[in-house]
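Colleague: First, the structure itself, so that you have it in front of you.
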Amino acid sequence: MLQGCVPFPGEVAERYRQAGYWRGERLGDLLRRWAEAGGDRVAVSSRDGKMTYAELDATADRVAAGLRRMGLAKGDRVVFQLPNVVEFPAVVFGLLRLGALPIFALPPHREHEINYLASHAEAVAYIASDTFGGFQYGELGAAARKEAPSLQHVLLLDGPDDERSGGSPASPNLHNSVVNLRRLLDEPIDPAEARAAADADPPDASDVAFFLLSGGTTGLPKLIPRTHEDYAYNVAASADVCGLNPSTVYMVALPAAHNFPLGCPGIMGTLAAGGRVVMAPSPKPEDAMAVVEAEQVTITALVPALVIRWLEANAGERFDLSSLEMLQVGGARLAPEVALRIGPAIGCKVQQVFGMAEGLLNYTRLDDPDEVVVGTQGRPLSPADEILIVGPDDQPVPDGEAGELLTRGPYTIRGYYRADAHNAKAFTADGFYRTGDIVRRDEGGNLMVEGRAKDLINRGGEKISAEEIENLLLAHPAVREVAAVAMPHPVLGEQTCAYLVLRPDPGGSGVSPDSNTLDLAALCAYLEERRVARFKWPERLEILDALPVTNVGKVDKKKLRDDIAAKLEGGS
Ligand code: OOB
């Protein structure tokens, strides 16, 4: 097991193997099996191209072989920021075969996040698209290379190529250069040779396969190490519960690197079932619905904010969405009123998914009655998922009452990567993960998410750590105190409101003389200068003389949340 990760205890691992949850499967080998079964069928497509199962398998080998020639090896960490392109699965499976560990960053992440990931994990490579959504990701690679001495390779899909003048990926002087990823994907090398190179030094099924990012409640995002066999189970069980089969056409509308579209059942579950994955360029209603119509999509996953946008865009009337059998909704609270509108407007079934990158997945089932699908967030995927609902004393609350959800199971991590101090708080001594979600359970075992004990803002499914924003804003010379809280938003669910106390005498204390005029635009400019992902920027600023505190002296965030909700309610 990689240093800095917390392994499952030996006897627990043994139990999961005995019970058949873990089958000693490596994700890279699974693709071989799927390719043997699927062959010439299309595995993945986008408006830019497609790959059959056989092509996906062979391309993953070429990527692995090319990366190995560049010097990458088992256990190396790779910051991975590809958007929803048709090459996404091939590059991921290439890394998985090599045993190199992608760290799944999201397209909106900028230098602040990427530099941290590269340094914290001592990544050796950065992989992204050259440009996407008008942004040049090469800049992030170059910046990360300055920040993280470990980072040797920047691979950009369709980007510049330092070696274009005749070199090959085999050339050792590729170190410290920018490489066009396309060259690895298309390298004319013998398939058997590529396969031998891909499989030369395979990882163990119990090894970490990749890192997902946690929404994070502390200053910086935590890395979530998922193993080959835990994720193989996550994917297979999810595909099963969602009834995926060879006629499934799954559209990736959310960022492919997020756990939900990646493996719940998502891309990997669709491939496991022999179906077809369609990469949508964006989740915007017009773009995504045109893809549903053109590709005869049968299932997709959205966050509630996007569902609302689809409904507002009159999805069902403007596009033929009759192929769509099921809409999975998760990542944030789905209001029952919204859930009820989906069937009539879009003509498909709804499945609520309450999941987390750390592991535990809850799904409403395909044959659940309407009141369960509309009114609950489903029940655990696995019979081996252990659920505790506890009060502030960590003792279970009486049946039917709300408390914090703790969980343990065959696909839930036992610790974050390189985070000993945080792990001591985020996990109980006997290995339960403290989800920070306040839930209630009905007699059927279905969970209802009632609130949150953790200090984060859930902006349409994108998680923002309040502490991270507070630390950033505290570094501003005009800011003395700050509290970031969630404010209600009709579509996104929540947005960030920053409450600030300014320094009394900016002039006298040596800070910039205009700092007492601090407004939202100035604050956002400040965060932009620090290259912080835009979704984390506060969308409202409130200036106070002092922050309210509780009787133990902590900032009273509940009071602030109530204050901003009341202001919005009152129209100010
Ligand atoms: C998914 O994963 P993350 O890691 O981005 O966020 C997890 C957190 C949960 O702890 C919970 O606070 C919230 O997001 N959440 C929900 C929810 N699904 C997630 N809150 C209310 N209702 C829901 N249905 O968000 C994620 C991972 C895999 C599948 C689906 C979602």
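Only the coordinates and a few stated rules stand behind these numbers; no lab work does. Note that this is a predicted model, so its numbers are computed, not measured. Note that we place each Cβ from the backbone using ideal geometry, even for glycine, and neighbour counts take in every protein chain shown.
Colleague: Out of residues 5 or more away from Ser129 or on other chains, whose amide H comes under 5 Å of its own, with H placed 1.01 Å from N in the peptide plane?
Modeller: HN-HN under 5 Å from Ser129: Leu157.
Colleague: Here is a further query. What is the magnitude of the charge dipole of segment 377-471 about its Cα centre, with +1 placed on the Cβ of each Lys and Arg, -1 on the Cβ of each Asp and Glu, and no other charges, expressed in debye to the nearest 20?
Modeller: Details: 12 positive and 18 negative charges, 70 e Å.
Charge dipole of segment 377-471: 340 debye, to the nearest 20.
Colleague: Give me a comma-separated list of calculated 3J(HN,Hα) values for segment 81-87, in order, Karplus coefficients 6.51, -1.76, 1.60 applied at θ = phi - 60°, integers in Hz, x for any Gly or Pro.
Modeller: Residue by residue, segment 81-87 yields 10, 5, x, 6, 10, 5, 7 Hz.
Colleague: Given H placed 1.01 Å from N in the peptide plane, which residues other than close sequence neighbours of Val252 have an amide H under 5 Å from its amide H?
Modeller: Val278, Met279, Ala280
Colleague: Return the whole-Å distance between the Cα centroid of segment 350-367 and the Cα centroid of segment 220-264.
Modeller: Centre-to-centre distance over Cα atoms comes out at 11 Å.
Colleague: Then there is this: If you restrict to DSSP beta bridges whose two residues both lie in segment 27-203, what percentage is antiparallel, to the nearest 5?
Modeller: That works out to approximately 25 percent antiparallel.
Colleague: Then there's this: At a threshold of 8 angstrom on Cα-Cα distance, excluding pairs fewer than six apart, so keeping six or more, what relative contact order does the chain reach in percent? Intermediate results must be reported in sequence, preceding the final value.
Modeller: Working: 1242 pairs, mean separation 67.6, N = 572.
Computed value for the chain: 12 percent relative contact order.
Colleague: Now for a separate question. Using only the alpha-carbon atoms, what does the chain span along each of its principal axes? Please give whole angstrom values in decreasing order.
Modeller: 70, 59, 55
Colleague: Take the alpha carbon gyration tensor of segment 456-569, find the square roots of its eigenvalues, order them as a ≥ b ≥ c, and report rounded if a/c is under 1.5; if not, report prolate when a/b exceeds b/c, else oblate.
Modeller: oblate
Colleague: So what is the 222 nm mean residue ellipticity for the chain from helices alone, if each DSSP H run of at least 4 adds -39500 (n - 2.57) and you divide by all residues, rounding to the nearest 500 deg cm²/dmol?
Modeller: Helices in the chain give a 222 nm mean residue ellipticity of -9500 deg cm²/dmol.
Colleague: Also, quick follow-up: Using the Cβ atoms and a cut-off under 15 Å, what net charge is assigned to the surroundings of Leu27, where Lys and Arg are +1 and Asp and Glu are -1?
Modeller: -2
Colleague: Assign unit charges at the C-beta atoms only (+1 for Lys and Arg, -1 for Asp and Glu), then state the dipole size of the chain relative to its Cα centre in Debye, rounded to the nearest 20.
Modeller: 500
Colleague: Please list, in order along segment 535-542, the HN-Hα scalar couplings obtained from phi with the Karplus expression 6.51 cos²θ - 1.76 cosθ + 1.60 (θ = phi - 60°), rounded to whole Hz, x for Gly and Pro.
Modeller: Per-residue couplings from phi come out as 5, 8, 5, x, 10, 7, 10, 10 Hz.
Colleague: Would you pull out the residues with amide H under 5 Å of Thr227's amide H, same chain only if 5 or more places away, H placed 1.01 Å from N?
Modeller: Those qualifying (amide H under 5 Å, at least 5 residues apart or on another chain) are Ala209.
Colleague: Treating only the Cβ of Lys, Arg, Asp and Glu as charged (+1, +1, -1, -1), what charge dipole size does segment 1-113 show about its Cα centre? Round to the nearest 20 debye.
Modeller: Here segment 1-113 has a charge dipole of around 140 debye.
Colleague: While we're looking at this one, here's another question. Need one word for segment 206-306: rounded, prolate or oblate. Basis is the Cα gyration tensor (sqrt eigenvalues a ≥ b ≥ c); a/c below 1.5 gives rounded, then a/b vs b/c decides.
Modeller: Because a/c hits 1.5 or more and a/b fails to exceed b/c, segment 206-306 counts as oblate.
Colleague: Segment 448-502 to segment 279-294: how many Å between their Cα centroids?
Modeller: 31
Colleague: Now a separate question. Could you work out the relative contact order of segment 456-569, using alpha carbon pairs under 8 angstrom and six or more residues apart, expressed as a whole percent?
Modeller: Rounded, it is 26 percent for segment 456-569.
Colleague: Starting from the Cα gyration tensor of segment 27-203, take the square roots of the eigenvalues, sort them a ≥ b ≥ c, and report rounded, prolate or oblate (rounded when a/c is under 1.5, otherwise prolate if a/b is larger than b/c, else oblate). Mind dumping the intermediate values first?
Modeller: Numbers: a/c = 1.58, a/b = 1.40, b/c = 1.13.
Prolate, because a/c is 1.5 or more and a/b exceeds b/c.
Colleague: Set Lys and Arg Cβ to +1 and Asp and Glu Cβ to -1, take the dipole of the chain about its Cα centre, and tell me which of Met279, Gly159, Gly347 lies farthest positive.
Modeller: Gly159
Colleague: By count of other Cβ within 10 Å, fewest leading, how are Cys5, Cys242 ordered?
Modeller: By the 10 Å Cβ count, ascending, the order reads Cys5, Cys242.
Colleague: For the chain, what proportion of DSSP beta bridges, expressed in % and rounded to the nearest 5, is antiparallel?
Modeller: Rounded to the nearest five, the antiparallel share is 55 percent.
Colleague: So, in Å, what gap is there between the alpha-carbon centers of segment 12-52 and segment 96-110?
Modeller: Going from one Cα centre to the other spans 18 Å.
Colleague: Ok, one more. Taking the Cα centre of the chain as the origin and placing charges on Cβ (Lys, Arg +1; Asp, Glu -1), which of Leu262, Ile189, Ala498 is farthest toward the positive end of the dipole?
Modeller: Going by the Cα projections, it comes out as Ile189.
Colleague: Quick one: what are the phi-derived ³J(HN,Hα) couplings along segment 307-313, Karplus 6.51/-1.76/1.60 with θ = phi - 60°, whole Hz, x for glycine and proline?
Modeller: Couplings: 4, 4, 5, 4, 5, 5, 7 Hz.
Colleague: Hey, which of these cross-link pairs are over 31 Å Cα-Cα: Lys222/Lys558; Lys50/Lys284; Lys50/Lys222?
Modeller: Beyond 31 Å between Cα atoms: Lys50/Lys222.
Colleague: Identify, among Gly444, Met487, Pro396, the residue whose Cα sits farthest towards the positive end of the charge dipole of segment 358-513, taking +1 on the Cβ of Lys and Arg and -1 on the Cβ of Asp and Glu, with the dipole about the Cα centre.
Modeller: Highest projection toward the positive end goes to Met487.
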